[in-house]
Amino acid sequence: MIVRACALLLLPLLLACTVAQAAPSRGFDVLHYAVALVPDIAAKRVQGQQTLRFRAGQPLPTLTLDVGELEVTAVMQGNRVLAFEQGDQQLRIRLPTPLKRGAVAELRILYQGAPTFGLEFDPARDEVYTIFSTRQWMPSVDAPDERATLDLSVTLPPALLATGTGRALPTRTLADGRHEHRWRLDTPMPGYVYGFAAGRYQQATQQHGAVQLRFLSVDRTPAQLRSVFARTGDMLDFFAARAGLPYRGDYQQALVASTIGQEMAGVSLMSEAYGQDVLADPSQTALMAHEAAHQWWGNRVTCASWQHFWLNEGFANFMTAAYLQQAQGEAAYQSQVQRWRTRWEAVRAKGADHALVYANWDSPSGDDRTVVYQKGAYVLHLLRSELGEEVFWHGIGDYTRANDGRSVVTADFQRAMEKAAGRSLQPFFAQWVYAAAAAAR
Ligand SMILES: [Zn+2]
């Protein structure tokens, strides 16, 4: 499950990589989104309004946002109605007067839609939840190097509970009895880690040091949820120690109708079926560890473009194995390493191996994903063997702390590891990261 976690679901997002790679020509920087959503679960529709604050990075006559299949009905600046056009899953807004470089402006966008992916509706469970492709439920810049703060509100029938990215603000009860759930994400984060889940959930909460844990599910009782997520606090402690950065905020995990695992800022979504697997076999914690590891590697330290996606996914897989090594013993770690190596060698045997830093992510194949997820983790294991425990983990901590809240490329990681090692690692990176490896070790 780890193998496929995120990758398949990211496919629609990855298809947008040409947009991501065109980042320098975007011409503006989003500072803040304030989004108010009203989902209609039975009708599988959503209505939204958004206020977008952005800064022009160059003289800016138009603003282009990713908008998926949403239908934008109006764009306003103050009371002024702006002209816009939609096409190719983008929204192009004509600004009344071009913005000067450095100028900050605010626009309001009204929209509606019936997303077929990115926002999942399950009327039988009274459930709605996001899956990665943020553009499908809010106009946004769907690129990993665009970080912004977020105010998110979701208005729902009163019987539903909800979890979302950011710090929960008090829920408002509207005149008609519906509840407006609200969250504020104070730290700028990339759009693909925004999201929420809402449903007729049961819940359990638990305090772990300074972190409040919350578990949600339609199918599981609070006691079962505590059992499924019994290791969550340990995982956060382990990753925090390896990162040298304490976990920030509260952490919530929800079991939703169907997903193969998704990390959002402060929230992970997994499937009800996975929860059942863990109840049956409590050692099956790898997927939840993978998503928890992303809170540091992926969410706080984010690949600047999908070319460097192994810095998210190879890291999350490797850190999962490192956690299992501590929690379950050396054999659990070695079993993960062997699995990565077997998967990657199968790809290599058919001539499909390639560099970890891989530009052509327009349409990633299963083999491409094996390279990023499994070979990426395997290469971190090799680097650990090459450098030894002390130097390796020192370098990992330095890299993570130095890049907290930043978008990174592989050179940032190499630099940190070389500093920890006190020598050039160019031969290692040339062989294992920037080229298809010539020979297995
Ligand atoms: Zn992942």
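Descriptive notes on the structure:
- Filtered residue count, the range 303-361, keeping only those that are of a type in the set (Gly, Ala, Ser), under 29 Å from Asn403 (Cβ atoms) and in a helix (DSSP H, G or I): 6
- Inspection of the range 296-306 identifies at least one residue that is among the basic types (Lys, Arg) and within 16 Å of the ligand (Cβ to nearest atom).
- The listed residue being in contact with a Gly (Cβ under 6 Å, 6 or more places away or on another chain), touching a residue at least 12 places away in the same chain (Cβ under 8 Å) and assigned to a strand (DSSP E or B), out of Leu37, Leu91, Leu52, Leu65: Leu37
- Number of residues in the range 269-281 that are surrounded by fewer than 24 Cβ atoms within 10 Å (Cβ to Cβ), within 16 Å of the ligand (Cβ to nearest atom) and touching a residue at least 24 places away in the same chain (Cβ under 8 Å) equals 1.
- Number of positions in the range 282-294 that are within 11 Å of the ligand (Cβ to nearest atom) and part of a loop (DSSP other than H, G, I, E, B): 1
- Every residue from the range 310-335 that is within 11 Å of the ligand (Cβ to nearest atom) and out of contact with any helix residue (DSSP H, G or I) (no Cβ under 6 Å at 6 or more places or on another chain): Asn312, Phe315
- In this structure, Asp176 qualifies as farther than 30 Å from Asp398 by Cβ and either surrounded by 15 or more Cβ atoms within 10 Å (Cβ to Cβ) or free of Cβ contacts under 8 Å to residues at least 24 places away in the same chain (or both).
Here's the yes/no breakdown for (1) of a type outside the set (Val, Ile, Thr); (2) at pLDDT 95 or above:
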site	(1), (2)
Ile2	no, no
Tyr33	yes, yes
Val46	no, yes
Thr51	no, yes
Asp66	yes, yes
Val75	no, yes
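- Residues located in the range 364-378, provided they are in contact with a helix residue (DSSP H, G or I) (Cβ under 7 Å, 6 or more places away or on another chain), assigned to a helix (DSSP H, G or I) and within 16 Å of the ligand (Cβ to nearest atom): Arg369, Thr370, Val371, Val372, Tyr373, Gln374, Lys375, Gly376, Ala377, Tyr378
- Of the residues in the range 42-56, at least one is within 17 Å of Phe196 (Cα to Cα) and touching a Lys or Arg at 6+ places or on another chain (Cβ under 8 Å).
- Filter result for Leu82 (hydrophobic (A, V, I, L, M, F, W, C) and crowded, with 24+ Cβ neighbours inside 10 Å): no
- Hits in the range 151-206 - residues which are among the basic types (Lys, Arg) and closer than 23 Å to Trp297 by Cα: Arg167, Arg184
- Any hit, the range 216-226, residues being free of Cβ contacts under 8 Å to residues at least 24 places away in the same chain, farther than 17 Å from Thr285 by Cα, polar (S, T, N, Q) and in contact with a strand residue (DSSP E or B) (Cβ under 8 Å, 6 or more places away or on another chain): yes
- Restricting attention to the range 55-71, the residues that are surrounded by 17 or more Cβ atoms within 10 Å (Cβ to Cβ) and farther than 19 Å from His32 by Cβ total 2.
Residue by residue, here is whether (1) in contact with a Cys (Cβ under 8 Å, 6 or more places away or on another chain); (2) buried (at least 21 other Cβ atoms within 10 Å of the Cβ); (3) under 17 Å from Met264 (Cα atoms) holds:
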| site | (1), (2), (3) |
| --- | --- |
| Ala168 | no, no, yes |
| Val193 | no, yes, yes |
| Phe196 | no, yes, yes |
| Arg220 | no, yes, no |
| Ala223 | no, no, no |
| Asp234 | no, no, no |
| Arg248 | no, no, yes |
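- Restricted to the range 101-147, the set of strands (runs of 3 or more DSSP E) holding at least 2 residues that are in contact with a strand residue (DSSP E or B) (Cβ under 9 Å, 6 or more places away or on another chain), modelled with pLDDT of 95 or more and within 17 Å of Ser271 (Cβ to Cβ) comprises 119-122, 127-130.
The values are calculated or read from the model by the stated rules, or taken from the named source; none is laboratory data. What you see is a predicted model, and the numbers here were worked out from it, not measured in a lab. Reconstructed Cβ throughout: ideal geometry from the backbone, glycine too, with neighbour counts over all protein chains shown.
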